[in-house]
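Right, one structure below, let's go through it.
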Protein chains: 2
Amino acid sequence: MAKQDRAVRTRQELICSAAEVFDRRGFMSASLADISTGAGVSTGALNFHFSSKKELGETVQAAAEESLRYITTACTESRPAPLQTLIDATHVLATQFEENVVLRAGLGLDNDAAWDGGAELWLKWRGWVRGMLTIAEYEGNLAPGVLPDDACATIMAIVMGLETLGRKDHALCSRRVVTRFWKMMLPGLASEETRAKLEAGGSESVARWDEHMRNADGVVGRLTVKGCTGCTGCAEEP
Amino acid sequence: MAKQDRAVRTRQELICSAAEVFDRRGFMSASLADISTGAGVSTGALNFHFSSKKELGETVQAAAEESLRYITTACTESRPAPLQTLIDATHVLATQFEENVVLRAGLGLDNDAAWDGGAELWLKWRGWVRGMLTIAEYEGNLAPGVLPDDACATIMAIVMGLETLGRKDHALCSRRVVTRFWKMMLPGLASEETRAKLEAGGSESVARWDEHMRNADGVVGRLTVKGCTGCTGCAEEP
């Protein structure tokens, strides 16, 4: 492997390892020694790539943001109805919360009292959800009287709650839970005509995503490390 | 004030101060010096009451658990329909998340990667929600096909999400958001007959709770400190 490739790979393994340690222990308790050990390199090598724990945190959040963008792009690719896009994205997120430690750690930092890096990933995700609901409203897909802001607050809360619950018990953040949530929610959220076309269990896009992830062994935004130990969210660029 | 009363009061001020520091900085970053300063006592006085930061955390969680029990008891007092009880409890929780730092800190410790005290308040709250849904099912109040476990997962996720969102922005965890959530949720959750009797904005119980809190200046389970600075969740025993 060329020297440059090795450096890129080491950097990416450090990001994965940092995500794992942040996710498991929180930002404050995470030690640089644990992070370098997890990546199989010396503390010196870590210092060569990152000047501080905060810089590692910011890099993890940047990768998580890339991941979020990747998910929302994949779910809008085939231009389904906006509410279907939202349903699909929550399904993909539920699996990614479980599988993608970089996404989990990036979002987790936002909720970590000891973190002041402030990427505000949740706010960005909120902007996207709100945008989809605006389109849904414009296209007459919402039930009478439903305001996009209110629907947005509920969807945000449920996704954030799923993420937090998933940390305690993966079964609480499963695709099945997401499906049941939408089944319960759609009669009050979507207009009758729209509802008939929506699949609470996720559309083709989700199936395509699952297929893609099975083949790619996971892709996390720009993170493309193969064989990153313990992190199922990274894979070599296809 | 008698010596014994002063000791009780100091202990309770320490619990409030610990809750504030845990809530603001997370368990790991919380320092005993900050906690004793917040309570207006010396570190020596803190050590007299609590042998460790962990013991303080456990005491905060015990007080939060008492708070949760107080809320669920208040909401079942007039024996409303089980779904109305659930609606009411989420409304009370939404205001308490904002006002009651001991409750917030107690629940927050459960989600804190650095905390291993393990009171599992969320699990206890989950048990109560599940119980209410079992009664609702038994009484034929759920919409056809709705399983208590699925409804429970959704309600748990939404409440946990509201708590997390409320930490970022109180407006995201307001009574209005809770009302909109239930308005959207009830058509898919409750049977038609039951639905007609439910108030998404909360019943009499919530109004009574609000009234009670206005008069009592806040009560947190066994915590009954008057003039606890910065903590609006504590008050002298009525």
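A few remarks follow.
- The stretch A:160-187, residues that are open to solvent by 30 Å² or more (accessible area, probe 1.4 Å), in a helix (DSSP H, G or I) and modelled with pLDDT under 90: A:167, A:168, A:170, A:171, A:172, A:175, A:176, A:180
- Meets criteria (within 14 Å of chain B (Cβ to nearest Cβ), open to solvent by 30 Å² or more (accessible area, probe 1.4 Å) and closer than 25 Å to residue A:177 by Cα) for residue A:69: no
- Annotation: of all residues in the stretch A:133-142 being touching a residue at least 40 places away in the same chain (Cβ under 8 Å) and more than 13 Å from chain B (Cβ to nearest Cβ), the one that is surrounded by the most Cβ atoms within 10 Å (Cβ to Cβ) is A:136.
- Breaking point among (1) assigned to a helix (DSSP H, G or I); (2) open to solvent by 10 Å² or more (accessible area, probe 1.4 Å); (3) in contact (Cβ under 8 Å) with a residue 12 or more places away in the chain, for residue A:123: (3)
- Filter result for residue A:145 (within 9 Å of chain B (Cβ to nearest Cβ) and under 16 Å from the mean Cα position of the chain (by Cα)): no
- All positions within the stretch B:23-37 that are more than 14 Å from every other protein chain (Cβ to nearest Cβ) and open to solvent by 40 Å² or more (accessible area, probe 1.4 Å): B:32, B:33, B:37
- Among the candidates B:41, B:102, B:92, B:21, the residue that is over 30 Å from residue B:186 (Cβ atoms) and within 13 Å of the chain's Cα centre (by Cα) is uniquely B:102.
- Residue among B:94, B:151, B:190, B:157 that alone is farther than 26 Å from residue B:20 by Cβ, at pLDDT below 90, within 11 Å of another protein chain (Cβ to nearest Cβ) and open to solvent by less than 10 Å² (accessible area, probe 1.4 Å): B:157
- Sole exception among (1) outside any loop (DSSP other than H, G, I, E, B); (2) more than 30 Å from residue A:115 (Cβ to Cβ); (3) touching a residue at least 24 places away in the same chain (Cβ under 8 Å) for residue B:150, by number: (3)
- Conditions (1) more than 14 Å from chain A (Cβ to nearest Cβ); (2) in a helix (DSSP H, G or I); (3) open to solvent by 10 Å² or more (accessible area, probe 1.4 Å): number failed by residue B:78: (2)
The values are calculated or read from the model by the stated rules, or taken from the named source; none is laboratory data. Worth saying up front: this structure is predicted, and the values here are computed from it rather than measured. Glycine also receives a Cβ, built like all others from the backbone with ideal geometry; neighbour counts cover every protein chain displayed. Accessible surface areas use protein heavy atoms only, side chains included; no ligands, DNA or RNA. Shrake-Rupley method; radii C 1.70, N 1.55, O 1.52, S 1.80 Å.
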